[in-house]
Each structure stands twice: as structure tokens, then as C-alpha cells.
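Enquirer: My questions all concern the structure below.
The values are calculated or read from the model by the stated rules, or taken from the named source; none is laboratory data. The shown structure was predicted, so the numbers you read here are calculated from the model rather than taken from an experiment. Don't worry about glycine lacking a Cβ; one is built from the backbone with ideal geometry, like all the others, and counts go over all protein chains shown. For the accessible areas, the whole protein counts, side chains as well, though only heavy atoms, and no ligand, DNA or RNA atoms are used. Shrake-Rupley method; radii C 1.70, N 1.55, O 1.52, S 1.80 Å.
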Amino acid sequence: MNANPGQKKIDGVQLAILNNRLEGVARKMANTLLRTGRSGVLNIARDFSCCIITADDQLLATAESLPIHVLSGPDLMSRSIKEFHPVLKKGDAFLHNSPYHGCSHPADHTLIVPVIDDEGTHHFTVLAKAHQADCGNSEPTTYMGNAKDVYNEGALIFPGVKVQENYENNEDIVRMCQMRIRVPEQWWGDYLAMIGAARIGERELLALAKEVGWDTLHDFTNQWFDYSESRMINAIDKMPEGTTSWSSRHDPVPGTPEDGIPINVTVKVDKTDSRITVDLTDNIDALPCGLNLSEACARTASMIGVFNSIDPTVPKNAGAFRRLDIKLKRNSVCGIPEHPTSCSVATTNVADRVANSVQAAIAELEEGFGMAESGAILPASIGVVSGFDPATNERYVNQLFLAMTGGAAAPRTDAWITLGHVGNAGLCYQDSIELDEMRQPLLVKQRRFITDSEGAGTHKGGPGMLVEYGPTRGEMDVAFVSDGTYNPAQGVRGGGLGGNAYQGVRKADGTLTPTENSAVVTLHEGDNIVSHCCGGGGYGAPEKRDPEVVRHDVAEGWITPERARDVYRVALAADGSVDRDATAALRS
């Protein structure tokens with residue numbers, strides 16, 4: 001831990017108060033984005049994050065940000081801003097979405113504002129990251145799984161470009177975005193929301209410093225990082241020591257090997273030095289597709305797997321990160337990409353396979369640790385829909401969040417059903433059907449959980465969901481990069497597989513035809529997309545699950561009596577109660 005003899009000692013109460021004040025600043029930023037964002041992906045689904053970074057590029061406060069957005073990336077982007085712009089001034093703002101310079105992927109437009117006092121000293125940096133409905137890709141989607149490289153992908157890339165000076169927009173940059181992005185007015189609204197969020201953060205930090213003083217805030221930062229590091233040391237001390245490995249596999253899409261993308265992870269828990277090492281170097285080179293990870297997502301996915309496996313109250317900041325070593329390989333599918341590798345889908349698919357492998361590897365160290373794999377995502381139920389609405393004579397593009405479940409089972413509890421995916425930790429909202437139908441010319445025919453799709457276990461994974469929808473006026477394109485059709489979520493310590501993904505098109509005559517995993521499907525009036533999102537893996541042997549809990553699962557419709565008998569080894573009587581004698585015989 002870092003000691004600074006010249007700093008003022010802050011007691012525990014003051015540490016807690018100042019931490020909450022700073023977290024409150026990040027929440028005010030997030031509330032601004034939620035309430036002023038134009039696109040549904042922001043103001044309905046909440047696919048954004050806001051955080052505070054120190055002047056020396058260390059993550060300090062994140063509030064309820066999506067983990068895949070912030071654990072690593074803000075630090076890398078903040079550092080790159082200073083490399084490109086050595087002289088920072090009050091009133092500056094920078095637009096950043098380059099996966100080669102610290103951003104997660106090109107669809108995550110990020111507004112970065114240095115917080116500078118009246119004397120010109122840079123104290124902190126605030127960051128607002130928001131997933132875009134459209135980012136200028138060559139296809140109407142922000143997730144191009146089939147992109148051979150960044151040129152084929154087509155997104156506008158902004159490697160820390162100054163978009164405001166003296167609080168005034170650089171209209172050249174604004175015009176570039178408005179000419180390239182399919183829904184320029186919607187983008188403009190989201191841009192203003194991001195600027196507003198970042199400026200709120202700047203204003204609040206300047207006000208807080210006026211109240212308590214910059215020296216106090218800097219002393220707090222150093223001591224909060226030390227405290228967080230000590231909490232991380234304590235958490236590691238409670239873990240089993242050892243080295244373990246896990247392998248997962250992403251389904252094949254164009255540009256990948258025929259059997260998909262293997263992901264290999266080795267995790268070492270060293271209690272002597274109080275360190276956890278995640279090694280991703282034993283993986284294949286980057287591929288001619290959009291599934292490659294950015295450095296930010298490779299690091300963050302590794303951290304997510306670790307933090308999912310330890311005391312959840314450990315602060316997630318640069319102090320805790322001091323005890324983590326993430327080993328990456330250049331030009332790897334889950335390492336450090338080299339331009340012009342496409343990282344279009346970096347925040348989800350392969351990143352989830354990395355995070356899942358880390359937490360599953362830790363589960364293999366000892367009973368009571370780690371987690372199962374969460375369900376894979378980007379099915380059509382959260383696809384990007386686009387088209388031209390003849391009723392309004394306007395183009396529309398938006399990502400739906402109609403269904404993504406897939407939570408992983410844990411050592412002492414069942415899954416969080418609406419986790420979404422391991423990278424967003426359940427912090428994105430599921431869409432209101434009525435709002436989606438109001439905003440786009442579509443009709444949702446059904447949305448429901450899929451019975452018997454959970455990963456069976458002593459603690460069960462989340463079930464999958466089925467969604468069916470289609471256009472009510474004109475043609476509609478639906479873009480998705482679905483994983484989990486061939487490689488569902490794995491269970492750990494005897495737990496079962498989660499339910500598989502499925503994507504298909506139902507024609508007006510009722511014919512249902514499967515689609516490719518990664519596709520842009522055009523629906524005509526009368527057509528519907530049918531999408532199954534994945535279930536999550538189970539933890540522990542299913543036959544050890546409490547029979548009364550299994551009975552309740554059947555009564556609630558999560559599983560059938562047949563699955564209770566065949567998988568959980570629980571027999572039910574005609575009245576639905578547990579048949580104790582028959583169950584004992586099944587489990588003997």
C-alpha cells in the first residue's frame with residue numbers, strides 16, 4: 001500500500017461520507033443521461049455508465065455503472081487523452097470511442113471532461129459513456145459480428161478528439177457525425193445528454209472542492225485506495241489457494257474457426273503475496289470478424305470474473321485493482337488488438353466467455369467459491385431494429401432489450417434471473433413492450449420464460465426467455481450476433497447446462513425457419529422473428545437441491561414434473577407435494 005507522510009489523516013466516518021459524496025456525483029451524471037437521452041437504448045434500457053477518474057488516470061467512483069464499461073477503459077482513455085492533448089484547459093471535452101486507445105468498442109461513444117480549477121490545475125476527470133443506437137457502421141447495427149476489419153465495419157472512430165473548447169462545440173465533428181449516423185437527430189440528442197452528464201459531474205466536483213478543499217479530496221483518494229486495497233487483501237485471504245484453468249467456446253460465425261472460438265483462462269490465487277493473476281495468453285490470434293476484444297474489455301472481463309467470486313462489498317476501484325495481474329497477448333482474440341482489427345462486439349460475446357471462464361475456474365478451486373457460466377447473449381430479443389416508417393416518413397434505428405436472462409448460479413443462491421449478461425451485471429433494464437411498440441412500428445406477439453431451460457443444480461441458473469415480434473408497417477431489419485446455440489452456459493461442480501439460444505423467422509403461414517447466428521434479417525409485414533435467449537449454468541449437483549424448493553419450482557412453472565424426477569431426482573405426488581419415499585429411492 002502507498003503511504004504519503006504529508007497527507008492529512010481522514011477517519012473512517014469521513015472516508016465513508018466523502019466516498020458517498022463522490023458516488024453521488026456519478027449518480028447525478030447517470031440520472032442526467034437517463035432522463036435526457038434521446039434513444040431507447042439509453043432512456044429505456046440504461047446502457048450507459050458514468051464515472052470519476054483521478055488526474056493520474058485511476059478509477060475512483062462508478063456508482064451503478066455497467067462493469068464492462070468502467071473497470072478498465074476509463075483509465076486507458078484518460079491516459080490517451082493526455083498523450084494526444086498534453087495541455088488540458090477548463091472547458092475542454094473529448095469524444096472517444098477508439099478500441100485501440102482504451103475504449104470498449106466503437107458503439108460506446110464516451111465524453112471525457114477534465115476537471116480543472118481556476119488556476120489551471122487538473123484534479124480529476126469525469127467520463128460519460130453511452131451505447132449508441134447507430135455509430136455509422138456499414139450495416140444498421142452497432143454489433144457487426146461479420147465485420148472483417150474496421151474498414152468493413154465502417155464505424156466513425158474518434159481517438160480522443162476534442163469536441164468542445166471553452167464549452168463550445170466543434171461543429172466540424174458534429175457535422176461529421178450527423179452526416180454518417182443514420183439517425184442524426186437522435187444521435188444529437190444523445191450527444192447533448194452525454195455532454196450534460198459530464199458537465200454536471202464537472203460542476204459538482206468543483207462545488208465539492210470549494211466546500212471541502214482540493215487537498216482533502218486528494219488525501220481522501222489516496223486513503224480510499226489504500227482502504228480498498230486492504231479489503232481486497234482480506235478477500236483474497238479467504239479464498240482457496242491454487243492455480244486452475246477453464247475453457248469455454250463461442251459459437252462459430254463467419255470469420256471464426258468452424259467449431260467456434262475457444263477461450264482458455266488460467267487463474268492463480270496466491271495468498272502469500274495476496275494477488276490474483278488471470279492469464280489470457282493461451283488464446284488464438286485476432287480473427288477477421290467483429291468479435292475480437294479491445295484491451296479494455298479483455299482486462300475488464302477478467303476483473304468481472306474475479307469480483308463475481310469474492311466478497312461483493314470490496315470497492316471496485318484502482319486500490320483494489322493493485323492486487324490483480326491481468327496477462328494479455330498482443331493481437332489475440334482476447335488480448336490487445338492491433339489496428340485494423342474489428343472490435344465491434346467487444347463488450348459482450350467473447351468478453352462474456354472470458355468472465356465466465358474466470359469465475360468458473362475459481363469455482364473449481366473449492367466448493368463455495370466462484371460461479372457457473374452465465375448465458376451467452378446478443379440474440380434477436382436484444383437485436384438492433386431499423387427501417388423506414390411509412391406512417392411518419394422517418395428512419396428509425398434502436399437496440400431493443402426485450403429479453404436477456406441467463407444468470408449464473410452461485411455457491412449459496414440461485415441465479416439473478418434478469419442478469420442480462422455477465423458484463424452488465426443486471427444493471428441494464430428490460431424494455432417495456434408498450435414503449436417499444438410506441439417508438440418503433442413493431443408488435444410483440446409473445447414474451448415469456450422457457451420452462452426447463454435453467455441450468456440444473458443444487459442452485460439453479462436463470463431460465464431462458466422466448467420473444468416473438470415483427471413489423472406492423474413496412475420492412476424491418478433485425479441485426480444480432482447470437483451465441484449459445486451450440487455452446488450453452490456450462491455448470492460447475494456438477495451443475496447442468498443452461499438452455500440453448502435459438503433464432504428463427506416465422507412467416508405469415510406459420511412456417512418457422514432457423515436463421516444464421518450472426519445476421520441482419522429483413523422482416524416483411526406478416527413476418528416475425530422468434531428468439532430464445534440462453535439460460536445460465538447450474539452450481540452443484542441437481543440431486544442435492546432441497547426437494548421442497550424443487551416442488552416450488554414445479555408449482556411456479558419453472559420446471560416440469562418430469563424434469564424434477566429425471567434431473568433433480570424428486571418425485572411428486574398427485575397433489576403436487578413431495579413424495580418422500582419415492583424421492584429417497586430416486587436419490588439413493
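Enquirer: Looking only at region 256-387, where both bridge partners belong to it, what percent of the DSSP beta bridges are antiparallel (to the nearest 5)?
Expert: Rounded to the nearest five, the antiparallel share is 55 percent.
Enquirer: How large is the charge dipole for the chain, taken about the Cα centre, if only the Cβ atoms of Lys, Arg (+1) and Asp, Glu (-1) carry charge, to the nearest 20 debye?
Expert: Dipole about the Cα centre, nearest 20: 580 debye.
Enquirer: By a straight-distance test (C-alpha under 16 Å), which aspartates and glutamates pair with LYS460 as possible cross-link partners, with residues fewer than eight away in the same chain excluded?
Expert: Once the sequence-local aspartates and glutamates are set aside, what remains near LYS460 is GLU367, GLU373, ASP414, ASP452, GLU543, ASP546, GLU548, ASP553, GLU556, ASP566.
Enquirer: List every residue whose amide H lies under 5 Å from the amide H of ALA61, counting only residues 5 or more places away in sequence or on a different chain, with H placed 1.01 Å from N in the peptide plane.
Expert: Amide H neighbours of ALA61, under 5 Å, 5+ apart: ILE52.
Enquirer: While we're here: Each residue of region 342-348 in turn: what ³J(HN,Hα) in whole Hz from Karplus with 6.51, -1.76, 1.60 and θ = phi - 60°, glycine and Pro shown as x?
Expert: Karplus values, whole Hz, x for Gly and Pro: 7, 10, 4, 10, 5, 7, 10.
Enquirer: Run the helix sum for the chain: -39,500 (n - 2.57) per DSSP H stretch of 4+ residues, divided by residue count, reported at 222 nm to the nearest 500 deg cm²/dmol.
Expert: It comes out at -9000 deg cm²/dmol, rounded to the nearest 500.
Enquirer: Something else about it: Taking only C-alpha pairs under 8 Å that are 6+ residues apart, what is the relative contact order of region 1-136 in percent?
Expert: 22 percent
Enquirer: Just need the relative contact order of region 447-495 here, percent rounded to a whole number, with Cα pairs under 8 Å and 6+ apart.
Expert: Here the relative contact order equals 39 percent.
Enquirer: How large is the accessible surface per residue of region 437-577, computed with a 1.4 Å probe and reported in Å² as a whole number?
Expert: Averaged over the residues of region 437-577, the accessible area is 40 Å².
Enquirer: Same structure again: With the full set of protein chains in place, find how many percent of the accessible area of region 186-253 is carbon and sulfur; take the probe as 1.4 Å.
Expert: Using a 1.4 Å probe with all protein chains present, region 186-253 comes out at 50 percent carbon and sulfur.
Enquirer: Next up: Over the chain, what is the mean sequence separation of C-alpha contacts under 8 Å (at least six apart), divided by residue count, expressed as relative contact order in percent?
Expert: With pairs under 8 Å counted, the relative contact order is 13 percent.
Enquirer: Which length gain, in nm to one decimal place, applies between ALA508 and THR472 when the Cα-Cα distance is subtracted from 0.36 nm times their residue separation?
Expert: Extra length available between ALA508 and THR472 comes to 11.7 nm.
Enquirer: Per residue, how much accessible area does region 56-212 show when a 1.4 Å probe rolls over the protein heavy atoms, in square angstrom?
Expert: In whole numbers, region 56-212 has 34 Å² accessible per residue.
Enquirer: Let me ask another. If you roll a 1.4 angstrom probe over the protein chains with everything in place, what fraction of the accessible area of region 270-429 belongs to carbon and sulfur, to the nearest %?
Expert: Answer for region 270-429 is 48 percent, counting heavy atoms of protein chains only.
Enquirer: On each of the three principal axes of the Cα atoms of region 24-160, give max minus min coordinate, whole Å, ordered largest first.
Expert: Ordered largest first, region 24-160 gives principal extents of 48, 31, 24 Å.
Enquirer: ³J(HN,Hα) across region 88-99 via Karplus (A = 6.51, B = -1.76, C = 1.60, θ = phi - 60°), whole Hz, x for Gly/Pro?
Expert: Values per residue, Gly and Pro as x: 9, 10, 4, x, 6, 8, 10, 9, 9, 8, 7, x Hz.
Enquirer: Then there's this: Provide the gained length on full extension for the span ALA573 to ASN20, in nm with one decimal, where the gain is 0.36 nm per separating residue minus the Cα-Cα distance.
Expert: Contour length minus Cα-Cα distance gives 193.8 nm.
Enquirer: Additional query: Which helices count as membrane-span-like in the chain under these terms: full DSSP H, at least 27 Å along the axis by C-alpha, Kyte-Doolittle mean of -1.0 or more?
Expert: Length and hydropathy pass: 12-36, 184-212, 214-237.
Enquirer: Based on the alpha-carbon gyration tensor of region 454-560 and its eigenvalue square roots a ≥ b ≥ c, which shape applies: rounded if a/c is under 1.5, prolate if not and a/b is larger than b/c, or oblate?
Expert: Prolate, since a/c reaches 1.5 and a/b exceeds b/c.
Enquirer: PHE158's amide H: which non-local residues (gap 5+, or another chain) put their own amide H closer than 5 Å, with H modeled 1.01 Å from N in plane and none for Pro or chain starts?
Expert: Distant-sequence amide H within range of PHE158: ASN97, SER98.
Enquirer: Here is a follow-up. Give me a comma-separated list of calculated 3J(HN,Hα) values for region 412-424, in order, Karplus coefficients 6.51, -1.76, 1.60 applied at θ = phi - 60°, integers in Hz, x for any Gly or Pro.
Expert: 10, 7, 5, 5, 6, 4, 9, 3, x, 7, 4, x, 9
Enquirer: Lysines within cross-link reach of LYS28: Cα-Cα under 30 Å, excluding same-chain residues under 8 positions apart?
Expert: Cross-link targets: LYS8, LYS9, LYS82, LYS89, LYS90, LYS129, LYS162, LYS210, LYS316.
Enquirer: Taking all protein chains as present, what is the carbon and sulfur share of the accessible area of region 47-151, in % to the nearest whole number, probe 1.4 Å?
Expert: For region 47-151, the apolar C and S fraction of the accessible surface comes to 48 percent.
Enquirer: Let's test the formula: R0 of 22 Å, r as the Cβ-Cβ distance of TYR167 and TRP188. What FRET efficiency results, to the nearest 0.05?
Expert: That pair, TYR167 with TRP188, gives E of 0.80.
Enquirer: Next question. To the nearest 20 Debye, how big is the dipole of region 70-213 about its Cα centre, given +1 on the beta carbon of each Lys and Arg and -1 on that of each Asp and Glu?
Expert: I would put it at about 140 debye.
Enquirer: Moving on. If amide hydrogens are placed 1.01 Å from N in the peptide plane, which non-local residues have theirs closer than 5 Å to the one on LYS445?
Expert: GLU468, TYR469, GLY470
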